[in-house]
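Here is the structure we will look at, set down as structure tokens.
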Amino acid sequence: MDGEREAGTLTADELAALVGDGAERIAQLTASGVITPDADGRYAPGDAHRVRVVDGFEAAGLPLEVLIRAQDAGLISIAYYDELHPPPGRPSERTFRAFLDALGSKGELVGASLGAMGIAAPDPTSRLTVEDEAFLTELATMMESAGEVDLMLRMLRQFGEATRRASVGALETYAEPIERLGPEFAGVPSRAVYDQYFLPWARIARSVPGMAEWLTSKHLTRAIDAYSIEATEAMLADSASSRGGPEATRRSPSPISPASPRSPRSAATRPPRRLR
């Protein structure tokens, strides 16, 4: 096997660590045909999504045997499930506990941040992806340097709840065409049904995280611009007033209120600006 192909696949142990399962669970799902390794015994990164959803089915009370029979009968399929999600990334070489320990005091900030964003902390023996470790390390570093942990956690709660609501709303929108098609199209229908009806929706699902990043950037830029302009105008007006300069005779500063120019929240009331 060449190095590039091997780098894009996972060993059984890496897959188990990535999803927080034991090696015996990966062996069970392999023997059941839920996931299939290549000739060298390595797994596709997308198998992490398949294992996760099967674990979720069983946690909800749907046994593995029932899932296998339904898939064999052509009623459902998880073969395409990875196509609904971005690639999971490469697993770290250390456990989540070791990652937190390596961060020292910042490790506590990681746990607090995950809770604020509405994300359950991983099992201590599982592994994050390399990308997740980098993101959480940078987030904890920013929180520590800002020195306003409570305010940062409040902001993370706002983003976490807004993202959760948007995600739930997106799936409720997706449910509308499913209801029109009929119950056999719900959940994880057969591969034939997926290929015929839902390929565009899979593309949308994979693009939504990038869409959210793009949209957040536009709204945040607008909010920062509005706050900077309005707060500076108010500060200069206050300064002129305190000195008794000519500006004080032309305009008076706006009263300070939750929606005053000194508050970033006032940006939400401004009309949209053109994209740049």
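Going residue by residue through the range 129-148, is there one that turns out to be closer than 23 Å to L29 by Cα, at pLDDT below 95 and either surrounded by fewer than 18 Cβ atoms within 10 Å (Cβ to Cβ) or not assigned by TED's automatic domain parsing to the domain that holds T36 (or both)? Yes - at least one qualifying residue is present in the range 129-148. If we scan the range 124-138, do we find a residue that is aliphatic (A, V, I, L, M) and farther than 21 Å from A48 by Cβ? No; the residues of the range 124-138 include none that is aliphatic (A, V, I, L, M) and farther than 21 Å from A48 by Cβ. Quick check, is S105 at pLDDT 95 or above and closer than 24 Å to L156 by Cβ? No. Within the range 182-191, the set of residues being aliphatic (A, V, I, L, M) and modelled with pLDDT of 90 or more comprises just one member, V188.
The values are calculated or read from the model by the stated rules, or taken from the named source; none is laboratory data. In this text the structure is predicted, and so the values were computed from the model without any measurement. A quick note on method: Cβ atoms are made from the backbone with ideal geometry, for glycine too, and the neighbour counts reach across all protein chains shown.
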